[in-house]
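Just so it is clear, none of the values below were taken in a lab; they were calculated from the coordinates. As the structure is a prediction and not an experimental result, all values here were calculated from the model. Note: ideal-geometry Cβ built from the backbone for every residue, glycine included; neighbour counts use all protein chains shown.
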Amino acid sequence: MTASSARIVAAQPRATSVLTAPVLAVMATSVLVAGPALAADDWSGGPRYSHFDAGYQWSDSLYAVKQEGGQHEGIKLNGSLGLFEAGRVGVHIFGEYFNGDFSGVRTTCDGGEGGPTSFDGDRNSEAAAGGLGLSYALAETTDIVVRAAYVDIRDFETPDNFCQLVSGDDNGYFGEVMVRSLMSEKVEIEAGFRYTDLDDSGTSDNEVLLGIGYHLTDYLTIRTRGVVFDDDTGIEVGLRLYFGNFLGRDAIF
């Protein structure tokens, strides 16, 4: 890989047709999961939105920041706070934070003295995102969730032609649609699609999200989420604390 190709990643087409198939798949999944319970009148027993997650993540792509052969690895924190609920509809705010390293890429460049050199050391990788989410209860235990967030690539560097690290910091947004469903008192599954677009680099990324959680108690869950799309993969494992249980409600209003 040359330094000129090491900026971040070649942009994927931004055409809306890229989104069509995954979104339709998520919608079809929501109908199948909801099943005959669509007529349910009680929406209080579904997925909860006031929680804090702490875990670890391995991922080829971090909000569209990727290089062929490289991997982001580090601590992942997620948080969500339910704002209010009105019948089937709920509104929440959320945030995500990643802090770790990026490794696995060797870049060949000119050391400034005419001889080829290479750079393959670990680099810092830090990013944050925050935004607003809307949930709609398809059934008593199944929600469809739409979220949008601002993305801030806070710390990422790429080597230039002289193997000197230069800033690759960026910002942009992501949009996400997901189905969350409680399959039993102990098990929750989720499936969705996320599109990310960065401003400065002009790069974008598409991800299919698949997750499962197991409730150890009413307020503590062990969970894992996988990311797949084309050749990109990733996994996140951690614990989720539903702090709304200590407040006696999942939304503050």
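Placing R0 at 41 angstrom, the Cβ-Cβ distance between F253 and M183 gives a FRET efficiency of 0.90 after rounding to 0.05. Sparse packing (at most 14 other Cβ atoms within 10 Å of the Cβ) combined with a DSSP loop state is found for the following trypsin sites (Lys or Arg not before Pro) in segment 161-197: K186.
Of the GluC sites (Glu not before Pro) found in segment 91-154, the ones in coil according to DSSP and having at most 15 other Cβ atoms within 10 Å of their Cβ are E113.
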